[in-house]
1. When the helices in the chain are scored as -39500 (n - 2.57) per DSSP H run of 4 or longer and the sum is shared across all residues, what 222 nm value do you end up with, to the nearest 500 deg cm²/dmol?
2. Can you tell me the order of 21-34, 52-65 when each peptide is scored by its average per-residue count of other Cβ atoms within 10 angstrom, highest first?
3. Taking 0.36 nm per residue of sequence separation and subtracting the Cα-Cα distance, how much length would be gained by fully extending the chain between L228 and L6, in nm to one decimal?
4. Please sort 91-98, 42-49, 152-159 by packing, taking for each peptide the average over its residues of neighbouring beta carbons within 10 angstrom, highest first.
5. Take the cross-link list K29/K200; K81/K169; K29/K169 and give me the ones stretching past 19 Å between alpha-carbons.
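No lab work stands behind these numbers, since they all come straight from the coordinates. These numbers were taken from a predicted model, which means no experiment stands behind them. In this analysis, Cβ positions are derived from the backbone assuming ideal geometry, glycine residues included, and neighbour counts consider all displayed protein chains.
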Amino acid sequence: MFIYGLMLVIASAFAHATWNMFAKRSIHKESFLFCLHGLAAILFMPFFIHDIYVMEWTWPTGLLLLSSLFLQGIYLWLVSKAYQYGDLSKVYPMMRGTAALIVPIVSVFMYSESLSLVGWIGWGFIVGGLFALSGMFSSKEPRDRRWWLTLAVTTSVGLCTAGYTLTDKTVVEFFSPLGLIQISNFGALLFLAPSIVRTKQLRQEWRVNWRTIVLGTILSPGSYLLFLYAMTLAPLAHLAPIREFSIVIGTLLGIFVLKEQQGRTRIVTSAVVAAGMALISIWG
């Protein structure tokens, strides 16, 4: 059973990195993500309606759902901006790693959790890897407006990811994962809509990239659902670190498919970030 769970997690990592590559390759990032989540919203609407019907409504549960919607919407809007400013092989590991950098610290104070010595070493790997990816250690990296924008947006993506991760930890106690994916879809449509109306590139994006939009509609929620199913087949402590292999996959896709530069450096630093996340997940 563990082998089947392992295969599902590896598939989940590939799916997550692949739909992010599709978003990076798109013409207009906001239009691409709007189309993707628009199609997904149609698919997941029955699950959302069911959850809304059976859940017990209170002010706290309503506020938690709105918080998740808001954080997911801002997150996806920021993802569209991040891929306008930076390469996939740089931006993707920074977005994924920043959340892993923040969540353990918040968990220590919010949920009275703790990190072992190995866990703090893993956290240090993440910090060092992210600084290296940002170019902060490199004298060749220009500190221009684009560099600062990339750093600000990827950090903000990490903050949003940490925010909705911590929020959804409570939401899944009264809402199903399938319904929660629909909350994400609603957030995306709400926060991406202003750009869609302003730029009017939705039709062009669909005409050029409808195939990858349809694939992304399957891969984006599918990556999460594959991981959820894998957790029923094997221990989470063994599977969670493997999922972070998506960082390395995303870096490799950026270098070998999108032909981005600084390949060796970015592969090494993304592997360091993934190793740090693995240390926290297994021994943290």
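1. For the chain, the value works out to -28500 deg cm²/dmol.
2. Put in order of decreasing packing, that is 21-34, 52-65.
3. Full extension from L228 to L6 adds 78.7 nm.
4. 91-98, 152-159, 42-49
5. The answer is K81/K169; K29/K169.
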